[in-house]
Amino acid sequence: MGGFNHSLLGCFDNCGICLLVYCCPFYVHGRNAESVGENCCICALILCFQPFGLLSIAYIRSLVRHSRNIDGNILCDLILSLICPCCVIIQSANELKDSKHSNRSSPSLQNSHQRQSPVLSPRAQAITEQP
């Protein structure tokens, strides 16, 4: 367990994401949600309705923490989302971007992912087995 690679106030580590969040936070928040397995459209839409939007930001940040084995708790995520929601969205986006790059650059992770066979329904298996 460790901490975030990007600080909460390190918004300008990636100016592109910073500008994108400033102009369209819904898009980046939805993309963050999709990266951790949530529905991007629903999370982006929830962002329009406060206070549910802030809860959604905190929830996605907690999922990012769990996926990256980062210390913290949901209460801290909620407080940070209340104080500076844009900074939280940017920090999560930067962390997820780093994790995508590290997965691409690590051949052992790629090979272990390729070795796993997907679980298919019987109908999908029949379709894929046909010549």
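Lys97 meets the conditions (1) over 14 Å from the mean Cα position of the chain (by Cα); (2) part of a helix (DSSP H, G or I); (3) at pLDDT below 90 in every case but one. The failed one is (1). Any residue at all in segment 72-85 that is in a loop (DSSP other than H, G, I, E, B) and at pLDDT below 90? Checked against the condition, which is being in a loop (DSSP other than H, G, I, E, B) and at pLDDT below 90, segment 72-85 yields no hits at all. Is there a residue being touching a Cys at 6+ places or on another chain (Cβ under 7 Å) and more than 15 Å from Phe4 (Cβ to Cβ) anywhere in segment 32-40? For segment 32-40, residues touching a Cys at 6+ places or on another chain (Cβ under 7 Å) and more than 15 Å from Phe4 (Cβ to Cβ): present.
Residues in segment 28-39 that are in contact (Cβ under 8 Å) with a residue 24 or more places away in the chain and not hydroxyl-bearing (Ser, Thr, Tyr): Val28, His29, Arg31, Asn32, Ala33, Val36, Gly37, Glu38.
Residues of segment 10-27 that are out of contact with any Lys or Arg (no Cβ under 8 Å at 6 or more places or on another chain), within 23 Å of Gln50 (Cβ to Cβ) and either touching a residue at least 40 places away in the same chain (Cβ under 8 Å) or crowded, with 18+ Cβ neighbours inside 10 Å (or both): Cys11, Cys18, Val21, Tyr22, Pro25, Phe26. The listed residues are Gln50, Gln91, and the only one of them that is crowded, with 20+ Cβ neighbours inside 10 Å and not acidic (Asp, Glu) turns out to be Gln91. Taking (1) assigned to a loop (DSSP other than H, G, I, E, B); (2) over 18 Å from Asn94 (Cβ atoms) in turn, Gly53 satisfies each apart from (1). Residues of segment 28-47 that are hydrophobic (A, V, I, L, M, F, W, C), under 14 Å from the mean Cα position of the chain (by Cα) and crowded, with 19+ Cβ neighbours inside 10 Å: Val28, Ala33, Val36, Cys43, Ala44.
The values are calculated or read from the model by the stated rules, or taken from the named source; none is laboratory data. It should be emphasised that the depicted structure is a prediction, and the values quoted were computed from it without experimental measurement. Here Cβ is always computed from backbone atoms with ideal geometry, including for glycine, and neighbour counts include all displayed protein chains.
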